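The block underneath contains the structure these notes are about, expressed in structure tokens.
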Amino acid sequence: MSRDQTRELEKGLEKTGWRFFWVLKTSKVDKDDQEDAEHFLNESFLEKTKDKGLVIKAWVEQQEILGHPAIGGFLSHCGWNSVMEGALHGVPMLAWPQHGDQRLNAQVMEDAGLGLWERNWDWGPNSIVKGEDIEKKIVELMTDEKLRGRAKKVRDEARKAVGRGGSSDMVIRELVDSLTISF
């Protein structure tokens with residue numbers, strides 16, 4: 001995410017008034033990140049949100065975070081792992097796909113009833129999403145009770161599928177049973 005887009009995301013988060021946990025990435029590989037969040041973010045944003053927001057610039061265990069009862073929504077690039085983890089925990093998602101299969105994943109997420117996807121949002125250098133637009137979508141995500149109910153249904157179905165005797169569990173068991181190991 002460009003610095004200009006990061007500034008707009010700061011504006012959107014601040015204006016919502018909601019508490020937030022932001023895992024800030026400034027490079028594609030976590031270990032390449034050398035700057036602290038304080039050096040990348042606007043100092044006034046950090047000061048204004050210090051009692052309602054937490055910005056982490058390190059790798060985190062996303063499933064643990066999404067499983068926490070305080071998490072009410074998830075703004076995501078829609079990598080497949082993120083979509084699956086959001087589904088497993090029933091966390092309503094706001095899709096902001098970047099590239100590759102992420103648009104398809106966003107479509108699957110939306111079709112399943114797990115979240116929202118604003119198709120006009122892009123990551124290109126010439127198309128900055130304004131803070132006001134981000135604010136509106138976050139507020140919609142956090143206040144849509146029908147969406148929250150659908151996300152819980154997705155969670156229940158996902159847990160049933162991966163649970164003992166569920167569809168995913170059965171496929172894995174059949175695969176393992178069909179493998180023959182020869183030495």
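List of remarks:
- All conditions but one from (1) within 22 Å of VAL60 (Cβ to Cβ); (2) in contact with a Lys or Arg (Cβ under 9 Å, 6 or more places away or on another chain) apply to ALA112; the one that does not is (1).
- GLY131, sole failed condition from (1) surrounded by fewer than 16 Cβ atoms within 10 Å (Cβ to Cβ); (2) of a type outside the set (S, T, N, Q); (3) more than 25 Å from GLN63 (Cα to Cα): (1)
- Residue count for the range 52-74 satisfying the condition of being in contact (Cβ under 8 Å) with a residue 24 or more places away in the chain, surrounded by fewer than 21 Cβ atoms within 10 Å (Cβ to Cβ) and either of a type in the set (D, E, K, R) or touching a Leu at 6+ places or on another chain (Cβ under 6 Å) (or both): 3.
- Residue match in the range 83-93 (condition: surrounded by fewer than 18 Cβ atoms within 10 Å (Cβ to Cβ) and charged (D, E, K, R)): no
- Meets criteria (of a type in the set (Val, Ile, Thr) and either surrounded by 13 or more Cβ atoms within 10 Å (Cβ to Cβ) or modelled with pLDDT of 95 or more (or both)) for ILE172: no
- Taken over the range 154-183, the criterion of being farther than 20 Å from SER76 by Cα and charged (D, E, K, R) is satisfied by ASP156, GLU157, ARG159, LYS160, ARG164, ASP169, ARG173, GLU174, ASP177.
- GLY90 meets the conditions (1) in contact with a helix residue (DSSP H, G or I) (Cβ under 8 Å, 6 or more places away or on another chain); (2) farther than 22 Å from GLU64 by Cα; (3) not basic (Lys, Arg) in every case but one. The failed one is (2).
- Only strands (runs of 3 or more DSSP E) whose full extent lies in the range 18-135 are considered here, and the ones with at least 1 residues that are at pLDDT 95 or above, within 23 Å of LYS153 (Cα to Cα) and within 18 Å of the chain's Cα centre (by Cα) are 74-76, 93-95, 115-117.
- Restricted to the range 151-166, and to residues there that are surrounded by fewer than 12 Cβ atoms within 10 Å (Cβ to Cβ) and closer than 22 Å to GLY67 by Cβ, the residue that is nearest to the chain's Cα centre (by Cα) is ASP156.
The values are calculated or read from the model by the stated rules, or taken from the named source; none is laboratory data. Quick caveat: nothing in here was measured; it's all calculated off a predicted structure. Neighbour counts are summed over all protein chains in view; Cβ atoms, including those assigned to glycine, are modelled from backbone coordinates with ideal geometry.
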